[in-house]
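Engineer: A single structure is presented below for examination.
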Amino acid sequence: MSFSRRKFISNSAGSIGLSTLIGSILSSFIEEKTKKKKSIITANSTILFQGDSITDTGREKKLELPNNANSFGNGYAFLAASSLLNSLPKENLKLYNRGISGNKVFQLSDRWEKDCLALKPNILSILIGVNDYWHTRDGNYNGTVQTYENDYIKLLERTKKELPDIKIAVCQPFILSGTSAVDDSFIKSFKEYQISAKKISDEFKTLWIPFQEIFNEAIKYAPAKYWLYDGVHAAMPGAQLMANAWLKIVS
């Protein structure tokens, strides 16, 4: 962060709300760190959010309707989708959330025909990785970072083969330590999964949404649990922060 921006923060923090200040800072951060030149969203686009519990956030899984609040849960995907539908009412967008709590990459693959390919999305957003590491810590999963990478590459290869014109956004998996579920022992090993996700994003030339870097910036202004209540799952301001970041990069 430049000196001029630090001076702005110092002079402005007392006069504008913290949430407004953080939103402004992170918008600038995203502009500096990404090279996206224009929106990939066009008229009649079908947009699919995929992932684990961070995307799922309690959505209903019987009807799984597009553009439906119950089918979107209450997290960043709902906020981002609501914003798009509000700002682009004439574009006839169709948005789905098919995140499922607890999923790892291989579980996405197991349901990919129904929960991705059959929907024929023009834009696919994937946030996956925390369970691929987290579940190894309690002995319930014996996958490695190489398993994660191999499974992720196969998933994207399959997707591109079936939907060659699809646009993909890979979201950086993230954690914050010093919280109820995450301590410093996570950081070194989990970093390998984050590096792998970025490598895959680069290989497939996807959009990249740097959630970890954004949350690292955010904790300069409020504690980790303010953004991620347990270090993994988004609290209300964290979900809004994620939605804003996603929209800034994708739309």
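The values are calculated or read from the model by the stated rules, or taken from the named source; none is laboratory data. Remember, it's a predicted structure, so these values are computed and weren't measured experimentally. Positions of Cβ are backbone-derived with ideal geometry, glycine not excepted, and every protein chain shown enters the neighbour counts.
Engineer: Within the range 68-83, which residues are surrounded by fewer than 23 Cβ atoms within 10 Å (Cβ to Cβ), farther than 24 Å from S109 by Cα and under 19 Å from the mean Cα position of the chain (by Cα)?
Structural biologist: Once the filter is applied, which keeps residues that are surrounded by fewer than 23 Cβ atoms within 10 Å (Cβ to Cβ), farther than 24 Å from S109 by Cα and under 19 Å from the mean Cα position of the chain (by Cα), the range 68-83 yields A69, N74, L79, S82, S83.
Engineer: Let me ask something else. State all residues of the range 128-142 that are modelled with pLDDT of 95 or more and either farther than 20 Å from S201 by Cβ or outside any loop (DSSP other than H, G, I, E, B) (or both); if no residue qualifies, say none.
Structural biologist: V130, N131, D132, Y133, W134, H135, T136, R137, Y141, N142
Engineer: Within the range 203-212, does at least one residue satisfy the condition of being buried (at least 21 other Cβ atoms within 10 Å of the Cβ), aliphatic (A, V, I, L, M) and touching a Ser or Thr at 6+ places or on another chain (Cβ under 9 Å)?
Structural biologist: Checking the range 203-212: at least one residue is buried (at least 21 other Cβ atoms within 10 Å of the Cβ), aliphatic (A, V, I, L, M) and touching a Ser or Thr at 6+ places or on another chain (Cβ under 9 Å).
Let's see how each residue does on (1) among the hydrophobic types (A, V, I, L, M, F, W, C); (2) over 19 Å from F106 (Cβ atoms):
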| residue | (1), (2) |
| --- | --- |
| I168 | yes, no |
| S180 | no, yes |
| Q194 | no, no |
| L207 | yes, yes |
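Engineer: Give the residue, chosen from S196, S125, S177, that is modelled with pLDDT of 95 or more, in a helix (DSSP H, G or I) and hydroxyl-bearing (S, T, Y).
Structural biologist: S196
Engineer: What number of residues in the range 213-240 are in contact with a strand residue (DSSP E or B) (Cβ under 8 Å, 6 or more places away or on another chain) and in a helix (DSSP H, G or I)?
Structural biologist: The total comes to 3.
Engineer: In the set E217, E149, which member is surrounded by fewer than 19 Cβ atoms within 10 Å (Cβ to Cβ) and in contact with a helix residue (DSSP H, G or I) (Cβ under 8 Å, 6 or more places away or on another chain)?
Structural biologist: One residue alone meets the criteria, E217.
Engineer: Please identify the pairs in which a residue from the range 127-155 that is among the acidic types (D, E) has its Cβ atom under 7 Å from the Cβ atom of a residue that is not in a loop (DSSP other than H, G, I, E, B), counting only partners at least 6 apart or on another chain.
Structural biologist: Going by the 7 Å Cβ cut-off, the qualifying pairs are D132/V105; D132/Y148; D132/Y193; E149/S196; E149/I200; D151/V105; D151/F106; D151/S109.
Engineer: Tell me which residues, restricted to the range 201-212, are part of a helix (DSSP H, G or I) and either more than 14 Å from L241 (Cα to Cα) or touching a strand residue (DSSP E or B) at 6+ places or on another chain (Cβ under 9 Å) (or both).
Structural biologist: S201, D202, E203, F204, F211, listed by residue number.
Engineer: Hey, can you tell me all the residues within the range 146-201 that are of a type in the set (D, E, K, R) and under 19 Å from L48 (Cα atoms)?
Structural biologist: K154, E157, R158, K160, K161, E162, D165, K167
Engineer: Would you confirm whether or not the range 105-117 contains a residue that is in contact (Cβ under 8 Å) with a residue 40 or more places away in the chain and within 23 Å of S251 (Cβ to Cβ)?
Structural biologist: yes
Engineer: Pairs under 6 Å by beta carbon, first residue within 13 Å of L93 (Cα to Cα) in the range 33-54, partner at pLDDT below 95 and surrounded by fewer than 18 Cβ atoms within 10 Å (Cβ to Cβ), six or more apart or different chains?
Structural biologist: Note: pairs meeting the criteria are I41/S251.
Engineer: Is there a residue being β-branched (V, I, T) and under 25 Å from T42 (Cβ atoms) anywhere in the range 207-214?
Structural biologist: yes
Engineer: Looking at I249, is it surrounded by fewer than 17 Cβ atoms within 10 Å (Cβ to Cβ), among the aliphatic types (A, V, I, L, M) and not in a loop (DSSP other than H, G, I, E, B)?
Structural biologist: Against the criterion (surrounded by fewer than 17 Cβ atoms within 10 Å (Cβ to Cβ), among the aliphatic types (A, V, I, L, M) and not in a loop (DSSP other than H, G, I, E, B)), I249 does not qualify.
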